[in-house]
Amino acid sequence: MVTSTRLAVGQVVRYPEPPNQEPEYLDGYRNFFNLTAAPGLPRLIMNRGIDHPAATSAPEGKRRSVILLRSNPLQAGSAKTPWHDVIALERRKVVYYGDHRADTAGPLGSTRGNAALLRAAEAHTSNEAAVRRLAVPLLIFRSVEVKGQPKGYLEFCGLGTIDSVTAIQQEDPRNRTSFSNYVFNISLLDLSFEGGCLDWRWLNARRDPDSTLEETHSFAPRAWLSWVGAQKTTNTSEKKDAGASVRSPDWAWDELILACALVYRNNWREIKRNDPRAAELSNLLQKLPIHPLESRGKDFRNVNSIQRKTANIVTAHPNYRGAATKGGRATQEVVKAFLANPDKMLAAADKLIELIKSEDSDIRAALATPNPDEEETSAREGRILERLHRYRERNRSLRAEKIKSVLASDGKLVCEVCRFDFTKFYGTHGDGYIEVHHVVPLHEAGESETKLSDLALLCANCHRMSHRRLEATGTWPTPEHLRALIR
């Protein structure tokens with residue numbers, strides 16, 4: 001059973017030979033064939049440097065679902081791989097060489113891989129959005145050595161688009177003769193909104209002959225949708241003017257927590273734009289997966305905006321005697337929250353920073369996935385910590401262990417708040433059903449180990465109420481709070 005469909009940039013997957021869909025993990029690494037499996041669709045294979053499944057007969061016509069690029073730096077410069085691909089993740093740039101070799105019989109561009117990439121480049125480099133809309137995504141992987149094993153492990157490097165194609169001359173390392181090939185210059189799209197992850201359901205939807213292109217967009221990364229519909233231009237001044245027209249969104253509660261924590265620790269003084277802490281906070285807010293990329297203006301959370309917002313926070317302090325600034329109600333509320341309970345709010349800020357910097361692909365995916373009711377239920381510790389809280393509640397092994405423990409001691413599953421019994425009410429249809437709530441405070445969420453005593457069994461109604469914050473405190477009610485509220 002597949003429990004996660006997300007693949008993080010930098011994540012290493014196991015590529016077993018022969019291909020095997022089970023188990024989900026091999027040697028502690030995600031099984032590539034388990035991740036990419038889809039009912040009714042053929043297995044994805046990545047045995048060549050450039051590989052792709054057959055075109056899909058979709059409702060709008062033939063559609064190429066994906067091209068998989070596999071770079072092998074472990075064999076670079078050999079007769080099999082007489083080139084050195086360049087993958088610069090920090091700059092999101094890739095230089096990838098085609099599959100024409102010295103012993104290739106056909107003309108340049110006739111090999112399977114080069115032919116596919118040349119067709120893809122026509123759409124990728126088009127100035128027309130209608131053409132780019134039909135472009136095929138490129139997924140880049142590279143072979144890595146794990147525990148001395150040079151085969152069977154691939155690192156995911158990202159989702160790319162072709163910027164340019166150049167015909168070049170290369171040298172055969174065996175006999176030093178030259179031969180022609182193509183080099184593809186590729187840009188990697190920014191997946192930070194999705195926590196640096198790609199949802200594989202997007203690729204499976206693109207491979208599904210019953211899915212329209214528009215339907216596949218529900219799983220597509222925002223950066224891909226933005227690139228597909230963006231107005232391309234080579235005029236620098238036009239780009240600048242277009243970017244200037246986008247107004248950055250208002251500060252979210254999580255962002256205000258981080259800014260206010262900085263002000264609190266600076267003795268309630270603003271952070272100047274030339275202060276290294278302003279640059280550090282700016283970098284953190286750029287990575288925070290709350291605001292869509294298309295909603296961010298060119299000045300989004302830069303050091304100037306950091307100084308302005310921290311000045312707003314300073315003037316919202318009740319002891320400030322200078323001229324007030326227009327920081328907004330949320331700014332005033334975050335100051336009140338820090339004054340009322342500084343230890344809790346500082347702990348929440350520290351946990352936020354830890355999560356934003358996390359390299360754990362599952363955590364990053366959880367933080368990038370909104371909860372449908374989070375606008376109503378978000379507590380004072382912030383939206384991101386709530387997302388992690390919900391992610392922890394979905395931990396199947398913990399849920400099963402908690403239920404097993406309760407059944408062993410009590411013999412039945414009932415809500416710890418209202419005593420609702422699903423089996424008693426629904427008969428056999430309700431057997432074994434109950435929801436699990438993680439009662440640890442939000443700012444402590446994400447601890448390495450969860451005790452069974454941290455979990456509560458609740459019915460659906462009480463679980464929903466446990467995620468509805470109390471107006472007086474802005475925090476979630478505990479089961480004890482809810483029991484006191486029942487009339």
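For the reader, a short list of remarks on this structure follows.
- Conditions (1) at pLDDT 90 or above; (2) of a type outside the set (Asp, Glu); (3) part of a helix (DSSP H, G or I): number failed by Lys239: (1)
- Annotation note: of Ala38, Ala76, the sole residue that is of a type in the set (A, V, I, L, M), modelled with pLDDT under 90, open to solvent by 10 Å² or more (accessible area, probe 1.4 Å) and under 23 Å from Lys151 (Cβ atoms) is Ala76.
- Region 453-487, residues that are among the aliphatic types (A, V, I, L, M), outside any helix (DSSP H, G or I), at pLDDT 85 or above and within 31 Å of the chain's Cα centre (by Cα): Leu455, Ala456, Leu457, Leu458
- Qualifying residue in region 131-153 (condition: aromatic (Phe, Trp, Tyr) and under 26 Å from His291 (Cα atoms)): no
- Those helices (runs of 4 or more DSSP H) of region 318-433 in which 2 or more residues are under 30 Å from Leu191 (Cα atoms) and at pLDDT below 90 occupy 342-356, 361-367, 374-377, 383-393, 396-410.
- When residues of region 135-157 are limited to those that are in contact with a Leu (Cβ under 8 Å, 6 or more places away or on another chain) and open to solvent by 20 Å² or more (accessible area, probe 1.4 Å), the one nearest to Leu189 (Cα to Cα): Arg142
- Looking across Asp199, Asp163, one residue alone is in contact with a Ser or Thr (Cβ under 6 Å, 6 or more places away or on another chain), closer than 25 Å to Lys357 by Cα and either surrounded by fewer than 18 Cβ atoms within 10 Å (Cβ to Cβ) or modelled with pLDDT under 95 (or both). It is Asp199.
- Hey, Glu280 under 30 Å from Ala220 (Cα atoms) and either surrounded by fewer than 17 Cβ atoms within 10 Å (Cβ to Cβ) or at pLDDT 90 or above (or both) or not: yes
The values are calculated or read from the model by the stated rules, or taken from the named source; none is laboratory data. Here the structure is a predicted model, which is why all the values come from computation and not from measurement. In this analysis, Cβ positions are derived from the backbone assuming ideal geometry, glycine residues included, and neighbour counts consider all displayed protein chains. Keep in mind that these areas ignore ligands, DNA and RNA; they rest on the heavy atoms of the full protein, side chains included. Shrake-Rupley method; radii C 1.70, N 1.55, O 1.52, S 1.80 Å.
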